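The values are calculated or read from the model by the stated rules, or taken from the named source; none is laboratory data. Keep in mind that what you see is a predicted model, and the values were worked out from it rather than measured. So basically every Cβ, Gly included, is an ideal-geometry build from the backbone, and we count neighbours across all protein chains shown. With ligands, DNA and RNA removed, areas are computed over all heavy atoms of the protein, side chains included. Shrake-Rupley method; radii C 1.70, N 1.55, O 1.52, S 1.80 Å.
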Amino acid sequence: MAMAMNNLGLEEARRLAASGSRVRTFGLFINGEWVDGNAGELINLSNPANRQTLAHIQAGDATDVDRAVRAAHGAFPLWARTFPTERQRILLEIAQRLRRRLTEFAMFETLNNGKPIGEALLDVAGSIAQFEFFAGAPAFLRGELLDFPHASALVHREPIGVVAQIIPWNVPLQMAAAKLAPALAAGCTVVLKPAETVCLSVMEFVREIDDLLPPGVLNVVTGYGATVGEPLVTHPLVRKVAFTGSRETARKIMRNASVNIIPQTLELGGKSANIVCQDADLNAAAESVVMTTVFNKGEVCLAGSRVFAHRKIHDELLDRIGARLASVRQGDPVDPATQLGAQASLAQFEKVNSYIELGRLEGAHATYGGGRAIVSGLENGLFIQPTIFTGVRNSMRIAQEEIFGPVTGILAWDDEAELLKDVNSSPYGLGGGLWTRDLARAHRISRGMETGTVWVNRYYNMQPGMPIGGYKQSGFGRENCLETLNHYTHSKCVVINLAEGELGVFSH
Ligand code: NAI
Ligand code: MG
């Protein structure tokens, strides 16, 4: 599996973990300076594998948010007018700084989030790719010229202004990169609010690049959703909000964004279908099921957590899933051999466990896994066994609600029309997988799926440039692609009249 490939040795990993675990304290980054929060309160970041404190961040408040937004507002006119090559140079330099300390940043992510270091290395590589991809954008961010018999219209594409970016804890560094790169490329200034549970990598990253951008272009205010997120979204100088997280919080953000009528882009997770047809490569399909179950401990918005297996191959697929699950190495996230780590926080750990309990109550059968995992040496760590439920019906809550853990439900299907009805009877529509060697079937089913992404014959087949975003309650707006730039810009139409003089409508 790609997730296990890296060249980091165990000894080097342990050395990085030891230095990464030295308890740090971070300020807020406002107007190019690190400052303490107004309230003087701190939040602990901890390591979910051993429950030790890793760092302290500021619990910001509305006063801090106001200072950060004003700084971003002050920096906007100049940043919006920088030469495209200058923005490109800075974005490439950011990518370079990440690459220089790649293993170190990966370890920060692993320590705070609990993901295996092998995956964290991929996250940092993905973050670098965001900055490199959008570094190419400023030069091509252009409007258009429209000709009419009586007029020429110049459509300018202008940066939208100060943007609020609110990110979650499952892939913090990659989320920060996916939000910051297009915003900075477009000429916007930013106030970023990381998640209060996991943001060590983000804070270290901001520290690394704190000399690169003019003061006020990037500001970071840490803290809770209610005390930082809400004042940020409702601040009168904020022109747009970009959010990734839960549906519940998205509803609040939409209500709060209505105060000043600002646009939002929202990426809200899913319950993505991974469809296996009777003619599929069952080994590759089984591998994908195991991969989407364990990758990032299932804390992935795009996870293929509803597997639709054709009844003819259902039992065979299940056996092959079992064979692969047996070799999954769950353990210390710091160990480069580990493939399944710890859930990111106690709240998430408890949520996943309660869904496993619920699955049993609903009558599904935990064929593999089904509870807490004990990792020797890390007995109080927040580990959960990779869990496969069979006998799942689409109406069950475990088939409808996002669990965000290493838990996948398998449903059997016979008829393609019925299949699509079930696949689409979900409030979500973010990702999806499809396994078939039949070309017409591949096109037919993927076009019938109400979802933003369908991966045919390889799950998580992702590159910068491919749009990511939701149908239905998975949100709206697209990230990871050129279309993203439209969310950070608006167009202005300047119409030049070609004739001169009065129209002569009010002739005297
Ligand atoms: P959340 O949506 O509450 O948190 C995401 C971010 O929003 C954090 O930075 C948080 O501080 C901020 N936030 C919270 N309340 C806010 C408010 N009123 N205004 C502005 N910002 C606010 O997600 P949470 O509670 O951490 O996780 C709950 C569930 O959400 C997960 O179990 C999972 O199902 C889903 N989720 C989906 C993600 C995705 O990738 N789409 C990422 C994280 C969570
Ligand atoms: Mg929440």
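Brief remarks follow.
- By DSSP, the beta bridges lying fully in the range 273-456 are antiparallel in about 20 percent of cases.
- Between Ala80 and Glu357, residue separation times 0.36 nm minus the direct Cα-Cα distance comes to 94.5 nm.
- Shape descriptor for the chain: Rg over Rh equals 1.01 (Cα atoms; Rh from the Kirkwood inverse mean 1/r).
- Ellipsoid semi-axes in whole angstrom, largest first, where each is sqrt(5λ) of the Cα gyration tensor of the range 78-131: 28, 10, 8
- The range 273-456: relative contact order in percent, alpha carbon pairs under 8 Å with at least 6 residues between: 28 percent
- Note on the range 82-143 and the range 1-80: Cα centroid distance 16 Å, given to the nearest whole angstrom.
- When the alpha carbon gyration tensor of the range 273-456 is reduced to an equivalent ellipsoid, its three semi-axes come out at 27, 17, 15 angstrom, largest first.
- Pairs of Lys in the chain closer than 19 Å at Cα, counting only those 8 or more apart or on different chains: 15
- If only the Cβ of Lys and Arg carry +1 and only the Cβ of Asp and Glu carry -1, the dipole of the chain around its Cα centre is close to 100 debye.
- Angle of helix 282-294 to the longest C-alpha principal axis of the chain, folded into 0 to 90 degrees and rounded to 10: 70°.
- q = 0.11, 0.12, 0.18, 0.25 Å⁻¹: log10 I(q)/I(0) that the Debye formula gives for the range 1-70, counting C-alpha atoms only: -0.45, -0.51, -0.80, -1.07
- Crossing angle, helix 247-257 versus the chain [Cα axis fit, 0-90 degrees, rounded to tens]: 10 degrees
- Extension gain from Arg311 to Met254, taking 0.36 nm per residue of separation minus the Cα-Cα distance: 16.4 nm
- Here is the tail figure for the range 165-260: Cα pairs spaced more than 16 Å apart come to 53 percent of all pairs.
- Efficiency of FRET between Arg458 and Ala326 - r from beta-carbon atoms, R0 22 angstrom, step 0.05: 0.45
- Under 5 Å between amide hydrogens, built in the peptide plane, is the criterion, and for Gly331 it picks out Gln339, Leu340 among residues at least 5 positions away or on other chains.
- Spin-label model, Arg441 to Leu145: label points 7 Å out along the Cα-to-beta-carbon direction sit 5.3 nm apart.
- Whole-angstrom gap from the range 255-323 to the range 351-408, using each part's C-alpha centre: 15 Å
- Distant-in-sequence amide contacts of Ala344, defined by a placed amide H-H separation under 5 Å and a gap of 5 or more residues or a different chain, comprise nothing.
- Here the calculated FRET efficiency for Leu154 and Arg101, from their Cβ-Cβ distance with R0 = 41 Å, stands at 0.40, rounded to the nearest 0.05.
- Mean separation of Cα contacts under 8 Å (6+ apart) over length of the range 439-500, as relative contact order %: 21 percent
- Dividing the radius of gyration of the alpha carbons in the range 279-348 by their Kirkwood radius gives 1.02 for Rg/Rh.
- Normalised by the number of residues in the chain, the mean separation of alpha-carbon contacts (under 8 Å, six or more apart) gives a relative contact order of 18 percent.
- Take the Cα of Asn380, step 7 Å toward its Cβ, do the same at Glu502, and the gap between the two points is 8.7 nm.
- For peptides 489-500, 462-473, sequence by mean Cβ density within 10 Å, most packed first: 462-473, 489-500
- Solvent-accessible surface of protein heavy atoms, probed at 1.4 angstrom with all chains present, puts Asp415, Asp315 in the order Asp315, Asp415, largest first.
- The range 198-310 - percent of accessible surface contributed by carbon and sulfur, probe 1.4 Å: 56 percent
- P(r), alpha carbons of the range 48-95 - 10 Å bins starting at zero, rounded %: 19, 25, 28, 21, 7
- Couplings 3J(HN,Hα) for the range 364-381, derived from phi with the Karplus relation 6.51 cos²θ - 1.76 cosθ + 1.60 (θ = phi - 60°), are 7, 10, 7, 5, 10, x, x, x, 5, 10, 9, 9, 5, x, 10, 5, 9, x Hz, where x marks Gly and Pro.
- In this simple spin-label model, placing a label point 7 Å from the Cα along the Cα-to-Cβ direction at both Gln52 and Arg15 gives a separation of 1.8 nm.
- Between the range 161-181 and the range 446-508, the alpha-carbon center distance in angstrom: 20 Å
- Annotation: amide H-H contacts under 5 Å for Gly60 (H modelled 1.01 Å from N, sequence separation of 5 or more, or interchain): Thr222, Gly223, Tyr224.
- Convex hull of alpha carbon positions in the range 10-268: directionally averaged projected area 14.6 nm².
- Taking all protein chains into account, the per residue accessible area for the chain stands at 41 Å² (1.4 Å probe).
- Angle in degrees between helix 172-186 and the longest Cα principal axis of the chain, rounded to the nearest 10: 20 degrees
- Antiparallel bridges, percent of DSSP beta bridges restricted to the range 10-268 (to nearest 5): 40 percent
- For the range 125-176, the equivalent ellipsoid built from the Cα gyration tensor has semi-axes of 35, 14, 7 Å, listed from largest to smallest.
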